[in-house]
Amino acid sequence: MAKYDSLTKLLNRRAFLEEAAHQIEIAHRYHRPLSMMMLDLDWFKTINDRYGHYIGDETLVYFSHACQAVLRKTDIVGRMGGEEFAVLFPETSGEFANDMVERLRSRLSNPIDVGSVTLKITFSAGLITLKSDDHSAEMMLKRADQLLYQAKENGRDQIVIES
């Protein structure tokens, strides 16, 4: 199986989980910080339904390019499925990871032209940091995903940070 998502060229779910497992092991071994974010593009289904899948695909590609432009080369970004993405921030506290996420939100703050359509892209996210009892990427993703859905329930276009 390929390591990268064919549309966005980001890591696919399987490859992201493998890399996350490796980074979790390193963070525990050397007592280093590690943060993870789950995010979902807001109202993506509406984009697909209103403008078609071509525009939806181009929106995903634009978003992946924004991630690559804003995030550090050491940050690990994966497309988990559909319009859902995960980002792993090695050697990064929750506070600094939040700064990186805000930079991404700022990059997306202006409407963009996708094909013949002008769109505003926003996302909802859940941001967590590694705990001593986190021993799998799945455990971390589950916590981040719960916060992501809290962000959506709270009105979208926001980040919920684990307290």
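For region 92-144, what D do you get in µm² per second when you plug the Kirkwood radius from alpha-carbon pairs into Stokes-Einstein at 37 °C and 0.692 mPa s? It would help to have the intermediate numbers written out before the result.
Values: Rh = 13.3 Å.
The calculation lands on 246 µm²/s.
Below 22 Å, Cα to Cα, which lysines can K131 reach? Residues fewer than 8 away in the same chain don't count.
K142
Could you work out how far helix 53-70 tilts from the main Cα principal axis of the chain, as a 0 to 90 degree angle to the nearest 10?
Orientation of helix 53-70: about 40 degrees from the principal axis.
Return the long-range amide H neighbours of L10 (sequence gap of 5 or more, or a different chain), with a cut-off of under 5 Å between placed amide H atoms.
D5
At 7 Å along Cα-to-Cβ for each site, give me the label-to-label distance between Y149 and Q68 in nm.
3.2 nm
Quick one: putting +1 on the C-beta of Lys and Arg, -1 on the C-beta of Asp and Glu, what dipole do you get for region 13-161 around its Cα centre, in Debye to the nearest 20?
Values: 18 positive and 22 negative charges, 24 e Å.
The dipole magnitude comes to about 120 debye.
Could you give the angle, 0 to 90 degrees to the nearest 10, between helix 94-107's Cα long axis and the longest principal axis of the Cα atoms of the chain?
Here the helix axis deviates by roughly 10 degrees.
Modelling each spin label as a point 7 Å along the Cα-to-Cβ direction, I'd like the H53/R107 distance in nm, to one decimal.
2.7 nm
Can you find, among A151, V101, S116, the residue farthest towards the positive end of the dipole of the chain? Put +1 on the C-beta of Lys and Arg, -1 on that of Asp and Glu.
Positive-most Cα among the choices belongs to S116.
If you bin the C-alpha pair distances of region 1-146 every 5 Å from 0, what whole percents do you get?
Distribution as computed: 2, 10, 20, 23, 19, 13, 8, 4, 2, 0, 0 percent.
Under the rule of at least 5 residues apart or a separate chain, name every residue whose amide H is placed under 5 Å from the amide H of H135.
HN-HN under 5 Å from H135: empty list.
In which sequence would F96, F16 go, from the one with the fewest C-beta neighbours within 10 Å to the one with the most? Before the final figure, lay out each step's value.
Values: F96 13, F16 24.
Listed from fewest to most nearby Cβ atoms, that is F96, F16.
Expected output is a single nm value to one decimal: the length gained when fully extending between S136 and S6, i.e. 0.36 nm times separation in residues minus the C-alpha distance. What is it? Walk me through the numbers on the way to the answer.
On the way: separation 130, 0.36 × 130 = 46.80 nm, distance 2.58 nm.
Answer, rounded to one decimal: 44.2 nm.
Values quoted throughout were computed directly from the atomic coordinates according to the rules given, and no laboratory measurement underlies them. On a predicted model such as this, the values are computed, not experimentally measured, just so you know. Virtual Cβ from ideal backbone geometry, glycine too; neighbours counted across all protein chains shown.
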